[in-house]
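Okay, structure first, notes after.
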Amino acid sequence: MSLLLPTELSLRTSTAHPTPPSAASTTTSQQRLGTISRHFDPRSTTASMSSEPVGDFGLIGLAVMGQNLIMNAADHGFTVVAFNRTVSKVDRFLENEAQGKSIVGAHSLEEFVSKLKKPRRMMMLVMAGKPVDDFIEALLKAGAEPGDIIIDGGNSHFPDTNRRTQYLNQKGLRFVGTGVSGGEEGARYGPSIMPGGNEEAWPYVKDVLQSISAKSDGEACCQWVGDEGAGHYVKMVHNGIEYGDMQLISEAYDIMKRGLGMSCKEMGDTFAQWNKGVLDSFLIEITRDIMYYNDEDGSPLVEKILDAAGQKGTGKWTAINALDMGQPVTLIGEAVFARCLSSLKGERTRASQKLNGPTPNFTGNKEEVLKNLESALYASKIISYAQGFMLMQNAAKEYGWKLQKPEIALMWRGGCIIRSVFLKDITSAYRANPDLENLLFADFFNDAIHKAQGGWRDIVSKGALWGIPTPAFSTALSFYDGFRTKDLPANILQAQRDYFGAHTFRIKPEFASQTYPEGKDIHVNWTGRGGNVSASTYTA
């Protein structure tokens with residue numbers, strides 16, 4: 001049976017066992033694996049099989065993240081077996097960074113597998129998608145056995161992790177899909193690690209993963225997340241929140257630069273000040289450093305960077321998943337769209353010459369605006385995390401996972417890109433009330449929003465009046481106002497849908513009658529000409 005099944009499985013079907021492929025697809029898979037194996041053939045002059053396994057942990061992929069994780073594991077007393085498809089990279093690594101450490105190289109996957117103690121713990125840090133499937137098949141061909149553990153530490157999409165977990169379960173191997181966040185430095189000195197998959201693997205990988213992870217208040221920023229793709233799902237939401245945080249900071253920068261006319265030095269000083277308070281975080285810290293960084297000519301480098309943002313897709317995955325589940329994760333969605341808009345540099349340049357609008361001309365109290373901007377950033381950040389945890393809460397119900405929200409917040413407190421002191425408050429809120437329906441219902445965050453919303457509203461208003469786009473600030477405030485509104489104008493939408501499409505509506509309980517019974521799907525002939533046929537199902 002081949003693992004190389006379609007990756008675009010629907011979430012509804014991803015929990016079913018994979019269907020055996022046709023003979024033709026099996027032949028294609030075997031041909032591809034033959035090609036892969038040729039890449040993995042040992043070099044006769046250097047490779048040799050070890051008669052005695054020595055490795056506690058193996059890692060495939062010697063890009064910077066992989067090398068740094070290996071060094072991290074070696075620092076914590078583990079003997080690590082390293083492999084890379086381009087085997088010359090293994091030798092360079094052993095001769096340089098890894099020299100003198102408990103790191104051994106392998107020049108083929110067969111040698112890699114043979115050098116690991118059983119049950120083998122084998123981690124991949126390779127490009128998401130087909131390369132992960134290919135390496136899994138190659139490991140099976142190279143001697144991986146029932147009971148062994150394969151860990152995918154890349155940014156895989158969680159439906160793929162669901163599928164791989166199920167496939168390897170059938171083979172008797174245990175698969176772990178784990179999110180890893182923290183960049184190069186985090187990988188070297190302690191990242192945030194979010195493992196999920198086959199829980200039987202956790203007792204065997206816990207010591208390694210928790211040892212190399214970041215620590216916050218003495219607790220490892222690595223806890224078991226849940227079954228199948230739960231770990232990669234939580235990493236996906238983490239990345240979505242990261243998109244939101246970065247967009248909010250970018251909008252604050254724009255308000256300061258174009259609205260208040262501040263220099264990069266002044267903005268750097270502001271970010272430095274904010275980093276001493278409730279906004280203390282990795283992203284605020286690095287933005288301060290970016291503001292202070294000058295090019296060779298002494299001018300700020302950031303002002304010379306092309307304003308067209310890239311993206312790898314994890315923010316988009318989060319927004320799409322939120323839409324699939326009907327969850328209003330608006331801030332992450334706007335952050336993704338803001339990057340899309342930024343990429344239209346040519347069109348925006350032409351539009352700037354044709355479309356008119358207000359130009360900022362600020363003459364007021366700058367310190368007051370900066371205080372309000374700090375409030376807007378804090379309040380919007382609370383909304384972003386509230387939406388992210390709301391999404392994970394619904395995913396747990398949809399996919400049958402038991403996600404522990406306090407532990408997720410704990411995992412994000414250290415090592416990762418969104419790490420901040422703010423996450424300690426989220427951990428405390430969920431530990432105080434594990435059944436908390438929404439983060440905004442926690443007294444701490446309710447009070448924080450209450451104190452911040454005056455400044456928040458002022459910044460959104462100023463953005464509109466100054467002609468400075470604030471999509472993340474604005475959508476966060478709109479979500480807050482919508483969420484706190486008992487009666488939204490969706491009654492008009494339902495009436496319109498029933499008018500033109502007979503999609504039916506439901507009556508409010510207080511207006512129920514014999515004509516309009518409570519809880520029933522109702523269709524009205526709004527014009528007297530449409531007839532009485534209505535849709536068979538009600539969709540709110």
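Rule-based calculations on the coordinates, nothing more; no lab input. Predicted model only: the values in this text are computed from it and were never measured. Cβ: placed from backbone, ideal geometry, glycine included. Neighbour counts: every protein chain shown.
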For the K312, Q514 Cβ pair and Förster radius 51 Å, calculated FRET efficiency rounded to 0.05 is 0.35
Counting pairwise Cα distances across the chain, what percent come out greater than 47 angstrom?
22
The answer for chymotrypsin sites (Phe, Trp or Tyr not before Pro) in region 354-414 that fall in a DSSP coil and have at most 15 neighbouring Cβ atoms within 10 Å is F362
Considering amide H positions built from the backbone, and no H for Pro or chain starts, which residues 5 or more places from N433, or on another chain, come under 5 Å of its amide H?
none
How large is the charge dipole for the chain, taken about the Cα centre, if only the Cβ atoms of Lys, Arg (+1) and Asp, Glu (-1) carry charge, to the nearest 20 debye?
920
Before rounding to the nearest 500, sum -39500 (n - 2.57) across all DSSP H runs of length at least 4 in the chain and divide by the residue total; then give [θ] at 222 nm in deg cm²/dmol.
-16000 deg cm²/dmol
Check each of the trypsin sites (Lys or Arg not before Pro) in region 280-318 and keep only those in coil by DSSP with at most 14 other C-beta atoms within 10 angstrom; list them in order.
K312
Apply the Karplus curve 6.51 cos²θ - 1.76 cosθ + 1.60, θ = phi - 60°, to the phi angles in region 438-452 and return the couplings in whole Hz, x for Gly and Pro.
8, 4, 5, 7, 5, 4, 4, 7, 4, 5, 5, 5, 4, 6, 8
Selection from T359, V329, M267 lying farthest towards where the dipole of region 236-484 points positive, charges on Cβ:
V329
Using packing as a proxy for protection, rank 450-458, 494-502 so that the peptide with the highest average count of other Cβ atoms within 10 Å comes first.
450-458, 494-502
Can you give me the angle between helix 230-254 and the longest principal axis of the chain, using Cα atoms only, in degrees from 0 to 90, rounded to the nearest 10?
50
Checking a compactness column here: for region 236-484, what do you get for Rg(Cα) / (2.2 N^0.38 Å), N being the number of residues?
1.02
Distant-in-sequence amide H partners of G229 (H built 1.01 Å from N, under 5 Å)
N162
Relative to the chain, whose Cα atoms define the longest principal axis, helix 64-75 and its Cα axis are tilted in degrees, nearest 10, by 60
Counting only DSSP loop positions in region 48-140, the trypsin sites (Lys or Arg not before Pro) whose Cβ has at most 15 other Cβ atoms within 10 Å are K101, K117
Please report, in whole Å, how far the alpha carbons of region 159-300 spread along each principal axis, starting with the longest.
62, 32, 30
State which entries of K215/K405; K206/K312; K89/K235; K276/K304 exceed 20 angstrom in Cα-Cα distance in the structure shown.
K206/K312; K89/K235; K276/K304
Return the long-range amide H neighbours of S216 (sequence gap of 5 or more, or a different chain), with a cut-off of under 5 Å between placed amide H atoms.
C221
Helix 23-39 versus the longest principal axis of the chain: what angle, 0 to 90°, nearest 10, using Cα atoms?
70
If packing is taken as the mean number of other Cβ atoms within 10 Å per residue, what is the order of 346-359, 204-217, highest first?
204-217, 346-359
